[in-house]
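A short reminder: the numbers here are calculations on the coordinates, not readings from a lab. Keep in mind it's a predicted model, so treat the numbers as computed, not measured. Cβ: placed from backbone, ideal geometry, glycine included. Neighbour counts: every protein chain shown.
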Amino acid sequence: MPVTSASAEGLCTFVDASPSPFHVCATVSAELEAHGFVRLAETQAWPAAAGRYYVVRGGSLVAWAAAAAPTGDRPPPFRVLGGHTDSPNLRVKQHPELSVAGWRALALEPYGGVLLNSWLDRDLGISGRLAVRDGAGVREHLVRIDEPVLRVPQLAIHLAEDRKTVALNPQLHVNAVYGLGETRDGGFLGHVAAAAGAEADAVLGFDLMTHDLAPSALVGVDRELVAAPRLDNQGTCYAGLAAFVAAVAEPTTATPVLALFDHEEVGSQSERGAQSDLLPAVLERIVLARGGDRAEFLATLAGSICVSGDMAHATHPNYADRHEPAHRIVAGGGPVLKVNQNLRYATDAAGAAAFALACAQADVPMQRYVHRADLPCGSTVGPMTAARTGMTTVDVGAPQLAMHSARELMAAADVPAYAEALAAFLAPA
Ligand code: ZN
């Protein structure tokens, strides 16, 4: 049985190191390199030799352990573990400087399905990447400021129309204050450029987003719970990375692949999202690099399988009626198989069986989730990966509450259980 080192404390460290999708890729890359993986460029020819490799495309990453060229007539199938690196948050507009009523403020815009109220009255830092002029070219800077530079203040209850509720307009009510007086020193972007060691007027483009600075923590009287930002879906990135590293150390007849995509929260339709050519292109190049042809690639795909990991909804104690009554999901009750008849999840009988076997092999319980039929169900990268590759795909996750809040909640015990199940899926006995 694969043994992983995944823990709730490790998840907290991972999340706190990874405020943006670009930082998720940097965190995962560092761990992969520590395990002997070599980064390849998509613009170069790839080595024919067996080995451990990965590529990064913006905020997306694909890693694999390539076996030697097959000797028989049956190429080794892929076992793909998919997930997403992005999380809903507040991002910086292109002309962000605001000066209102004596405040220096920054214009922000929601990314994905943000629970806007959860971002109010928090100490926020900023992270992302800058594209900076460098001679005749452009170079990229990762940037992060882990200081409380931004804050989105609530409206006082006394100023609410009915003294009870404050409806939040995403255009009007999520801008952040960052100081007093008039804009100076190049404004907020000047501050970010300086933090990256760049001249403000050399910044030609940016992808900047806010993050809550409160460290991830184990909470509850027995510290059984993890309170952290971005559990959706860094919970899967972390558990998936631990599972992948454990799986590549096992002898296996398959090629384990870790595929982490950006842009899931906004539909995945980009050059690096799950609807892009990233995964099929990498899988085909793995086959071609070791001397296979397109026919061998298609034969390999036909025997391959994908587990798509994304977080799942635990049954909420205050809103138990929002959940399908025969499919209660217990926090701490183990990984979740997600099924939807209208294909918001890709799971079918074959995929369900593969994940059930993985959970049995890992000796962890498996829970089965079905969304209420009278509520719209969310989706994830599973159906897109299935459609792009033709691989049998199964959607799974770990249970959590407060999905898309700035601060989410899950059971500490589900972290290692989820990683063990994913590892067993990647390296079946
Ligand atoms: Zn998600």
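Table for the structure above
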read-out	value
Pairwise centroid distance, computed over Cα atoms, of the range 306-348 with the range 1-49, Å	27
Nitroxide proxy distance, nm - points 7 Å out along Cα→Cβ at ALA429 and VAL38	3.5
Acute angle (nearest 10 degrees) that the helix 21-34 long axis makes with the longest principal axis of the chain, alpha-carbon atoms	40
Mean ellipticity per residue at 222 nm, deg cm²/dmol - from DSSP H runs of n ≥ 4 across the chain, formula -39500 (n - 2.57)	-7500 deg cm²/dmol
Low-density loop cleavage sites - GluC sites (Glu not before Pro) in the range 81-183, where at most 16 other Cβ are within 10 Å (DSSP)	GLU161, GLU182
Extension gain from ALA360 to ALA17, taking 0.36 nm per residue of separation minus the Cα-Cα distance	120.2 nm
Highest average packing first - 172-178, 405-411, Cβ atoms within 10 Å	405-411, 172-178
Dimensions in Å of the range 302-405 - Rg and Dmax from alpha carbons	13.4, 45
Relative contact order of the range 89-212, pairs being alpha-carbon contacts under 8 Å that are 6 or more residues apart, as %	38
CYS306, CYS359 arranged by Cβ crowding within 10 Å, fewest neighbours leading	CYS359, CYS306
Mean Cβ count within 10 Å, highest first, over the residues of peptides 316-328, 277-289, 111-123	277-289, 111-123, 316-328
Fully extended contour minus Cα-Cα distance, from ALA214 to ALA101, at 0.36 nm per residue	37.8 nm
At most 14 other Cβ within 10 Å, DSSP loop - GluC sites (Glu not before Pro), the range 1-63	GLU42
Coarse-grained scattering of the range 89-212 at q = 0.16 Å⁻¹, given as base-10 log I(q)/I(0) from a Debye sum over alpha-carbon atoms	-0.78
Distance between modelled label sites at ALA49 and ASN169, nm, 7 Å Cα→Cβ extension	6.2
Sorted by Cβ density within 10 Å, fewest first, the residues LEU155, LEU426, LEU208	LEU155, LEU208, LEU426
Most to least packed among 372-381, 262-271 [average Cβ atoms within 10 Å]	262-271, 372-381
Estimated FRET transfer efficiency when R0 is 22 angstrom, pair GLU161-LEU120 (beta carbons, to 0.05)	0.80
Semi-axis lengths, Å, the range 297-360, gyration tensor of Cα atoms, sqrt of 5 times eigenvalues	28, 13, 9
Rg over Rh [alpha-carbon atoms, Kirkwood Rh] for the chain	0.99
Distance in nm between pseudo-label sites at ARG368 and TYR319 (7 Å out along the Cβ direction from Cα)	2.5
Summed residue charge, Cβ within 10 Å of ARG372's Cβ, Lys/Arg positive, Asp/Glu negative	-2
Computed magnitude of the charge dipole of the range 347-418 (debye, nearest 20; Cβ of K, R +1, Cβ of D, E -1)	120
Exposure proxy ranking, count of Cβ atoms within 10 Å, fewest first, for VAL219, VAL92, VAL394	VAL219, VAL92, VAL394
Dimensionless Rg over Rh [the range 256-329; C-alpha; Kirkwood]	1.18
